[in-house]
Structures are given as C-alpha cells and as structure tokens.
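Everything below concerns the one structure shown next.
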Amino acid sequence: MKKRYLLVVYIILIIAAVLIYFFTPYELIIKWLIVVNIIIYLIRTPIIRIVSSIFKKKPVIRIVISFGINITWAVFIMWLILAFSYETFIALLSFLIVAISLTFKETIKNITSGFFILTTEQFEVGDFIETNDIQGIVQKINLNSTKIKEIDGVTVFIPNKKVFSSTLIKYTQKLKTLLDFSALQEDSEKEQQERNYYKDMLKLSDGLFSEDKEITRYDKSIEITSAVDPEELEEYLSEIFDKYESLFKYRPDYVVDLVTVNRCRIDLLITAKSPELLLKHLDAFLKDVLFKLHSPAIYDGWTDYRKSLLKEADK
C-alpha cells in the first residue's frame, strides 16, 4: 500500500477508535478490545519493517518476531469475537480451521519446510547453491519461499517445500584450520624450532586456511575435441587461470574427467572468495576458456560463414 493511502487508513482508524470508545453503548471490555486491535494494526507494519531492517541477515529472528506479532493480533481478534458471542466464536473458529486447512494447504507445507530450512541451517543468505536445477546466490529466505539470483541475473522464487524435498548442492563452504597447534609436543630444541617455522608458514597462509572463512567452490564440465593439442592444453588454461586468479582471489584449476577416441571432458574447478565474485566473473571466464581452446574453429567458421553470405548476395 502506498504511503499516502496508508496514512489515510491510519487517520480513519484512529478516529474510529476514539468514536467507539467514547460514543458507543458497548461494554467496556468490548470497547477496550476494539481499541487494542486497532492499535496493534497501526503499529504492526512499522514494527515488522524495523525488525526486518535490524535483523536483515538473521531471518530466523525476523520471522519469529513477525510471527509473534501476528499471533498476538489473532488472539485479540478472537477474544473480541468471543466477547460479542460465544456461539459466533465457536462457529467462526470451526469455519476458519476448515478454510485454512483446505485453502492454505500448500502454504502450510511451504511454511513447515521453511521452518526446517531455517532451523537446520542447510544454507544461508549469500550462499551459492544449486537446487531444482537452479544455480545462484541465495538472496532471501522466508517461511514461504527462497529467493535466488541465478548466474544470468534472473531472480527466482522457489517454494520452500521444493527446496526442502530436493537435492541441494552447496558451493559456499567454511574453511577450517588444518592443524591443531595444541597437539604439538615439546621435544628437542631443534624440533621445536622446526615446528615454530611451520607454524609461522601456516600463519602466513591465513587467507586460505583461517577458521570460519567462507569460500565458494564451483565446477563446470566442458568437452574439447581432438583439435586441441593435449600438450598445449596446460599452457592454454594456465594463461587464463593466471588472469582470473586476481579476480576470483584463488587460482582456478582443472582435472581430466573422461577421455574418448576424438574428444575429452575436463572439469574446471573454480574457487572464489565470495559468491558475488563467482557470479560476476564466471561468464567471462568460461568465454575466455572457449575462445582460447577453440579459437581456430570459431574464427575460421565465422570467416567461412561470411564468405557464404557474400556469395549468396552476389547471386
């Protein structure tokens, strides 16, 4: 709702609360309940917005507070109905239970799945994941759906029941310390000096092995034909890997996955400091690999295609 319309609604509700409290023949408890419900409605939206801005990176806290506010409001609404008539309250409650169970069956499944996703912490906002054949960065998790930004920039909302029931690949991982220094024993002075040396070397590599630091690891399979000389493959890829090491903050690598008679499949192993860096440079990286490995075929094919167009134009 636009702010100007929301302001008009607020003014009308405040006037209605004053009129009901001072100028209606209802019992005091009913007047009080009506005013309380109006007050909760007025403060509900601002409080939820403030909570969302404060706990932007903590969806569980945000959702619990919002859920608590809505439940509190629902309790006062039901209390108000009960104050008017007990029979009306029972009839309305029965109707609501049936209507909610039938109408919001899918929503209830999504909310239940969303609760388990948030509490089990399978992934969090900012992680690079793959689920339901969709790859991208998690931008938002709520009780109903998960918002993912794909590699091509498209934003996708996936119902939580599909996320929870499908296979999940998490490319963003936390690195742990490789060695436990407390396990080192003091032996000879020479051995202790050697251990101190290795400890210093490991501390220098803190950027890679620090505890609780996150990285994103992604692999992409590509096939190359026999036109690419196997002896030159390492040289071609090293040139590109050197270029993108400064962009991803880690040097890419590759492994040979499958070799057949006239082609070979390799897996490009890409490690990035953050999902955003991967998303930003992945497309350019893959294009550079493609043009580097198959540039003769691409450019020769384009030249032949242009010649064929010119011949057709001359006819």
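Highest mean packing comes first when the peptides 142-152, 28-38 are listed by Cβ atoms within 10 Å, giving 142-152, 28-38. The string of couplings for the stretch 9-20 from the Karplus curve (6.51, -1.76, 1.60, θ = phi - 60°) is 4, 4, 5, 4, 5, 5, 4, 5, 4, 5, 5, 5 Hz, one whole number per residue in order, with x for Gly and Pro.
At a Förster distance of 25 Å, what's the computed FRET efficiency of residue 14 paired with residue 52, Cβ-Cβ distance as r, to 0.05? Can you show the working numbers first?
Details: r = 24 Å, r/R0 = 0.98.
After rounding to 0.05, the efficiency reads 0.55.
The phi torsions of the stretch 242-259, fed into the Karplus equation with coefficients 6.51, -1.76 and 1.60 and a -60° offset, translate into couplings of 4, 5, 8, 4, 6, 8, 7, 6, 9, 7, x, 8, 8, 9, 7, 9, 8, 10 Hz, rounded to whole numbers, with Gly and Pro shown as x. Label-to-label distance for residue 120 and residue 220 is 3.0 nm, based on points extended 7 Å past Cα in the beta-carbon direction.
Over the stretch 121-170, what is the relative contact order in percent, taking alpha-carbon pairs closer than 8 angstrom and at least six residues apart? List each step's numbers first, then the result.
Working: 86 pairs, mean separation 16.9, N = 50.
Once normalised by length, the contact order is 34 percent.
Our estimate of slack between residue 256 and residue 30, defined as 0.36 nm per intervening residue step minus the Cα-Cα distance, is 73.8 nm. Would you pull out the residues with amide H under 5 Å of residue 135's amide H, same chain only if 5 or more places away, H placed 1.01 Å from N? Under 5 Å from the amide H of residue 135 lie the amide H atoms of 151, each far enough along the sequence or on another chain. As a calculated quantity, the FRET efficiency between residue 286 and residue 147 at R0 = 25 Å, using C-beta atoms, amounts to about 0.50. For a test of the definition: using alpha carbon positions, the gyration tensor, and the 1.5 limit on a/c, classify the stretch 3-103 as rounded, prolate or oblate. Since a/c reaches 1.5 but b/c is at least a/b, the shape of the stretch 3-103 is classed as oblate.
If packing is taken as the average number of other Cβ atoms within 10 Å across a peptide's residues, how do 237-246, 121-130, 259-268 rank, most packed first?
Highest to lowest by the protection proxy: 121-130, 237-246, 259-268.
Shape class for the stretch 121-170: rounded, because the ratio a/c of the largest to smallest gyration tensor axis (alpha-carbon atoms, square roots of eigenvalues) is under 1.5.
At 0.36 nm per residue, and after removing the present C-alpha to C-alpha distance, how many nm does the segment from residue 77 to residue 112 gain when stretched out fully? Walk me through the numbers before you get to the answer.
Numbers: separation 35, 0.36 × 35 = 12.60 nm, distance 2.43 nm.
10.2 nm is the gain from fully extending residue 77 to residue 112.
Applying the Karplus relation 6.51 cos²θ - 1.76 cosθ + 1.60 with θ = phi - 60° to the stretch 279-285 yields 3J(HN,Hα) values of 5, 6, 10, 4, 4, 5, 4 Hz, where x marks Gly and Pro. One decimal place: the segment residue 22-residue 269 gains 81.7 nm when fully extended, by the rule 0.36 nm per residue minus the C-alpha distance.
Readers should treat all values here as calculations from the given coordinates under stated rules, not as data from a laboratory. Bear in mind that the values here come from a model prediction, so they are computed numbers and not experimental data. Glycine gets a Cβ as well: all are built from the backbone with ideal geometry, and neighbour counts include every protein chain shown.
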